1. Size of region 599-665 along its principal axes in angstrom, Cα-based, largest extent first?
2. If you wrap region 332-437's Cα atoms in a convex hull and average its projection over all directions, what's the area in nm²?
3. Neighbouring Cβ atoms within 10 Å as the yardstick, rank 253, 65 fewest first.
4. What are the principal axis extents of the Cα atoms in region 99-148, in Å, biggest first?
5. May I ask for the distance between the Cα centers of region 548-604 and region 354-405, given as a whole number of Å?
6. Counting only helical runs of four or more DSSP H residues, what would the 222 nm mean residue ellipticity of the chain come to if each run contributes -39,500 (n - 2.57) and the total is spread over all its residues?
7. Roughly what % of Cα-Cα distances in region 183-324 sit above 20 Å, to the whole percent?
8. Given the convex hull of the Cα atoms of region 340-391, what is a quarter of its surface area in nm²?
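What follows is calculated from the coordinates using simple rules that are stated; it is not laboratory data. Keep in mind it's a predicted model, so treat the numbers as computed, not measured. Neighbour counts run over all protein chains shown; Cβ positions are idealised from the backbone, glycine included.
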Amino acid sequence: MFKKILIANRGEIACRVIRSARAMGIATVAVYSDADANALHVGMADEAVHIGPSPASESYLVADKIIAACLATGAEAVHPGYGFLSERASFVEALTAAGIAFIGPSAPAIAAMGDKIESKRRAKAAGVSVVPGFVGEINGTEHAVEIAAGITYPVMMKASAGGGGKGMRLAWNEADVREGFESVKREALASFGDDRVFIEKFVEQPRHIEIQLIGDTHGNIVYLNERDCSIQRRHQKVVEEAPSPFVTPEMRKAMGEQAVALARNVGYFSAGTVEFIAGADRSFYFLEMNTRLQVEHPVTECITGLDLVELMIRVAAGEALPFGQDDVKLIGHAIETRVYAEDPYRGFLPSIGRLSVCRPPETGRKGQALVRVDTGVIEGAEISMFYDPMIAKLITHAPTREQAIAAQAAALDSYLIRGISHNIDFLSAIMAHERFRAGENVTTGFIAEEYPDGFHGAPVDAGTREAIVAAAAVIQAIEAERAQLIDGQLNGHGAEYGEDWVVELGGEQVPVTVSGDGDRFGIMIGDNEFDVSTDWRVGSPLFEAEIDGVARSISILKSGSGLTMTTHGASHRVRVLTPRAAELARFMIAKVAPDMSKYLLCPMPGLVVSVMVAEGDKVEAGQQLATVEAMKMENILRAEKPGTIGRVLAKAGDSLAVDAMILEFAA
């Protein structure tokens, strides 16, 4: 067994690998860029080596620097995590030449599966179901039109060397092919340095199902059940679960056996994932094979009881798998959500900055459910513009799917993040969505179909609304009691502190009556009485209570004269007033927000790549005005209507905060 390994990655996956290695008694070496000097994985490892500037192209993607760090520290093997160099065959070859083991598959297997055209050829040879399509060279747009017509529409045009949702375009007709083929080629060349494109049939009402594999160097390969990754936004996975509520035992066996056949065809060992697209009739077709650990591997670990990182390390050290196919378990159900630094209320624009508050939910087993948080950040950490904006992966495991979803929803409600925007409200809304809970009709089109106009917060049911009102009243009562103690008055004798209050919520005024004190309260809302039990204390940002026997977690943030209360996927502006103050509040004139329509504002913190217009230019609706880069992605800002440029307030190279002014339109 190895005595020391280096993790050629960062963030949560680096921390994840370190935990397994430590449990095995293996010393670890972290690598870090300038931006990650104070990162969590650096502090967790036994040693850490600086490998260059913040951009990944100058640090984490430079194989020579990784190898030099191995040689300097005596690391015998490298775990690549996912992303960066994890699927680069040349990196494996360079490690081998330097006498360093790679904790992953062989270079030939990576090369064969990394080329989408070659991988489909190998899949066909292995007897794997493949989406009807054309996997040869395509000679221009006319050839592409001819191929698409032969396959029949709709078709998907994809970059051969693609991944991560880039270099893909759906075509419903010939016009779409003519418009999009050359665009896909350009995107492929820009993103992957390879402009080859293939065309395949687009499966309607598709589900994204993947099979986890593990193999050793002794010829043993097993499949570890499936994961359902159908909840996606722009081809990026948002929610993953295992097992799939759609897959039958017979389908699982057929998919698993085909995945193993493909792995054998390429001489595969280590952890890997074969991805399939499944139709409504439960037909399934090969998409691609990822020759690395997947982001969503924790749900497989939960339902099998296996540590995939440990198995990868043991396989790389030459050990045989200690189990066979018949030994693989399927225990309960697991859900994973990806907590990202992005703003779902503003088109999921990325967010960067400092995590002024970052308090994950309590981990471990609670009743029959397990809560697990895989993260690479802590409170006070910086979310950088240089890397993927993932904050954490939140995993729940329970005996049934319903229990796993309920545990996930509760954990999301108690996850506190402040200082940056995040997508927890959106994830909570998905957990509460009737279609997702039903499970059967969850396709890759779920988000686009259910949120066609963007995300504006989850709908609020009557129970949640009453819980917010009751919580606000209890918070007011506890704060009033504390204020009385501070000013020396006896309980019940303060001029402003009574039992009757009015809670303002969603434009309504709700009269409430509060009785009790300490940790238990009775709240009258109309004719209904609610029993509230809580140990909340003044200053805590999370209100946790049992309201009529139902556990509730509501984050609270002081905001002017009121509170912002967030739970179940939506934020609510709440004020608690005395009856007299509530009466007077009806006469207050609402503050009108300033008109910012004559400005082009930066939608996210980022770097100005270019400004395409000058003062005095006339522009049309849809015309490109500026490009801003954030989180490795370029965002083109366009004119919403015709106009004339007044002043240009930013230039290429400027680093802007959210809502900073880029230019002003003439009146």
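1. 31, 19, 17
2. 6.5 nm²
3. Exposure proxy ranking, most exposed first: 253, 65.
4. Sorted from largest, the Cα extents of region 99-148 read 49, 25, 12 Å.
5. Cα centroid to Cα centroid, the span is 27 Å.
6. Helix contribution divided over all residues of the chain: -8500 deg cm²/dmol.
7. In whole percent, the share of Cα-Cα pairs in region 183-324 beyond 20 Å is 51.
8. 4.5 nm²
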